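Participant: Below are the structure tokens for one structure; questions will follow.
Throughout, read-outs are computed from the coordinates displayed, never taken from laboratory work. For clarity, every value in this text was computed on a predicted model and none was experimentally measured. Reconstructed Cβ throughout: ideal geometry from the backbone, glycine too, with neighbour counts over all protein chains shown.
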Amino acid sequence: MSTLPDPALGAAVKAADRAHVFHSWSAQGLIDPLAVAGAEGSYFWDFDGNRYLDFSSQLVNTNIGHQHPAVVAAIQEQAGRLCTFAPGFAVEARSEAARLIAGRTPGDLDKVFFTNGGAEAVENAVRMARLHTGRPKVLSAYRSYHGATAAAIHLTGDPRRWPSDSGAAGVVHFWAPFLYRSPFHAETEEQECERALRHLEDTVVFEGPATVAAIILETVPGTAGIMVPPPGYLAGVREICDRYGIVFVLDEVMAGFGRTGRWFAADHWDVVPDLMTFAKGVNSGYVPLGGVAISAEIAATFEKRPYPGGLTYSGHPLACASAVATINAMADEGIVENAARIGEEVLGPGLRELADRHPSIGEVRGTGVFWALELVRDRGTREPLVPYNATGEDNAPMAAFAAACRASGLWPFVNMNRIHVVPPCTIDDSEAKDGLALLDEALTVADAHTV
Ligand code: PLP
């Protein structure tokens, strides 16, 4: 730990936060945010000297770990040279980041439109698809998360819905494969895949193919539960898009840049979308950055006709310099390969072994450093440990479980009835094993709520 404990400063930080910071996704009066003093690698710590193993990567973001020295140095160096410059100029950090990203993205996704994060990337991908096709509708999956801005929140297909949610014109939801809670009552992956593709094509046909601009999917849905698609599904979606002239958008904001053990999750299945959104892992969130990687065909639409969209901070030099350093460090240090190996050798087997002993684990699924444990009250009926969108007493079992993790020094990503085991891609064997041991202890709290 490079910061000495300082409880008085921690208390002051917390007091100012509670007085003035309005937090996302929260009832402001019911939250008690931890005051963070520092972070390094796979750990962060508070002002009282408590250290936490970060199994959340801060919203599945810090793929390269906290405070990677080369990335910190690159931001400092760029700040000394050129802090900011408008998007209309060619800037070294920006063009180099775009070149490196285009060099890693699949197929001919060779142009990059930069944004400040994932939701803006989704907004712009949808706009590009609509302008390219001249069609209005976008199909997106239930059990998905695409961001919290205007179009992105309507595309998001998780059960968070509000009375004020009017839906958005032109957004149509469909079911994507999820065998454990199969919307198609399938019993095998093959059945799930075949039925999901038939359902998607029926949806396209009944919406009217000439009205559908895009199908957007997270390559591996993340926030909604890390559901690795069955073999053949994404290739089948590609075929449907080709058959009807629909733009295929893969959202790799969470799954991209090493998280699944490949540079992009699409690489597992050799699928090439027309547009691919990214953010988070591109620079581990050290400075806000996201973007859309664009195919040659869609880029050509805007060759002579202006693209009507832009952001003051698009391709911000500090963000781009940190992306260049991140991508180079990931390549030089074998960080993507490390994520794949840790998943295969430590996290996958370790989590399955926990499932053998803990009745609260209904299913373990994932790849790389991207895993979910689906917690249930009853393995037979698969009743979730807490209902979707549970609050207060209804959510008590998950709240108690999360508190047990944190008290032991483990910080997982907790969402509804699931915990997501999503440490940095840089995590080593002993850290991963320590985390599994802490999880083992905390799961007894969840087990106490099973029938
Ligand atoms: N798309 C996906 C797949 C995401 O996981 C997220 C955020 O978690 C977003 C989009 C939105 O990104 P942001 O929060 O940077 O706007």
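Participant: Taking the DSSP beta bridges in the chain as the whole, what percent of them are antiparallel, to the nearest 5?
Facilitator: Around 65 percent of the beta bridges assigned by DSSP in the chain are antiparallel ones.
Participant: For the chain, what does -39500 (n - 2.57) per DSSP helix run (n ≥ 4), summed and divided by total residues, give at 222 nm, in deg cm²/dmol to the nearest 500?
Facilitator: That comes out to -11500 deg cm²/dmol.
Participant: If you don't mind, there's one more thing I want to ask. What whole number of Å gives the distance from the Cα centroid of region 263-307 to the Cα centroid of region 45-123?
Facilitator: Cα centroid to Cα centroid, the span is 14 Å.
Participant: Output the peptides 169-176, 84-91 sorted from most to least packed, where packing is the average of other Cβ atoms within 10 Å over each peptide's residues.
Facilitator: Ranked from most to least packed, the peptides come out as 169-176, 84-91.
Participant: Starting from the Cα-Cα distance between Phe206 and Asp48, subtract it from 0.36 nm times their residue separation and give me the gain in nm to one decimal.
Facilitator: Fully extending the segment from Phe206 to Asp48 adds 51.0 nm.
Participant: Find the relative contact order for region 69-332 and round it to a whole percent, using C-alpha pairs within less than 8 Å whose residues are 6+ positions apart.
Facilitator: Relative contact order of region 69-332: 31 percent.
Participant: What list do you get for Leu82, Leu131 if you sort them by fewest beta carbons within 10 Å?
Facilitator: Numbers: Leu82 14, Leu131 17.
In order of increasing Cβ crowding within 10 Å: Leu82, Leu131.
Participant: How high is the relative contact order of the chain, given as a whole-number percent (alpha carbon pairs under 8 Å, six or more residues apart)? All intermediate terms of the calculation are to be shown ahead of the outcome.
Facilitator: Working: 916 pairs, mean separation 92.5, N = 451.
Over the chain, the number comes to 21 percent.
Participant: I've got another one for you. Let me understand region 233-360 better: what is its radius of gyration from the alpha carbons, and its Dmax, in angstrom?
Facilitator: Here Rg and the maximum Cα pair distance are 18.1, 62 Å.
Participant: Check which residues have an amide H placed less than 5 Å from Arg143's amide H, if you skip close sequence neighbours.
Facilitator: Gly157, Asp158
Participant: How far apart, in nm, are two points set 7 Å out from the Cα along the Cα-to-Cβ line at Ala400 and at Thr3?
Facilitator: 3.2
Participant: Please give the per residue volume of the convex hull enclosing the alpha carbon atoms of region 66-177, rounded to a whole number of Å³.
Facilitator: In region 66-177, the Cα convex hull volume per residue is 186 Å³.
Participant: Out of the chymotrypsin sites (Phe, Trp or Tyr not before Pro) in region 303-400, which ones are loop residues according to DSSP with at most 14 other C-beta atoms within 10 Å?
Facilitator: Qualifying residues, ordered by number: Tyr388.
Participant: To continue, here is another question. At a temperature of 4 °C and a viscosity of 1.567 mPa s, determine how fast the chain diffuses translationally according to Stokes-Einstein, using the Kirkwood radius over alpha-carbon pairs as Rh; express D in µm²/s, rounded to the nearest whole number.
Facilitator: So the translational diffusion coefficient is about 57 µm²/s.
Participant: Measuring from label point to label point, each 7 Å out along Cα→Cβ, what is the Cys83 to Asp242 span in nm?
Facilitator: It works out to 5.0 nm between the two label points.
Participant: OK, next. Using a Förster radius of 25 Å, what is the FRET efficiency between Val451 and Glu345 based on their Cβ-Cβ separation? Nearest 0.05, please.
Facilitator: Numbers: r = 34 Å, r/R0 = 1.36.
Taking R0 as 25 Å, the efficiency between Val451 and Glu345 is 0.15.
Participant: Can you give the percent of C-alpha pairs in region 69-332 whose distance is more than 27 Å?
Facilitator: Tail fraction, whole percent: 35.
Participant: For region 188-257 and region 356-394, what is the separation of their Cα centres, given in Å?
Facilitator: Between the Cα centre of region 188-257 and that of region 356-394, the gap is 25 Å.
Participant: Longest segment of the chain with no GluC sites (Glu not before Pro) in a DSSP loop having at most 10 other Cβ atoms within 10 Å? Don't skip to the end; give the middle numbers.
Facilitator: Details: sites that count: Glu187, Glu303.
It works out to 1-186.
Participant: Per 5 Å bin, what percent of the C-alpha pairs of region 159-263 does each bin hold, from zero upward?
Facilitator: In whole percents, the pair-distance histogram is 2, 11, 19, 22, 20, 17, 6, 2.
Participant: Also, quick follow-up: Just to confirm a number: summing +1 for Lys and Arg and -1 for Asp and Glu over residues other than Arg418 whose beta-carbon lies under 11 angstrom from that of Arg418, what do you get?
Facilitator: -1
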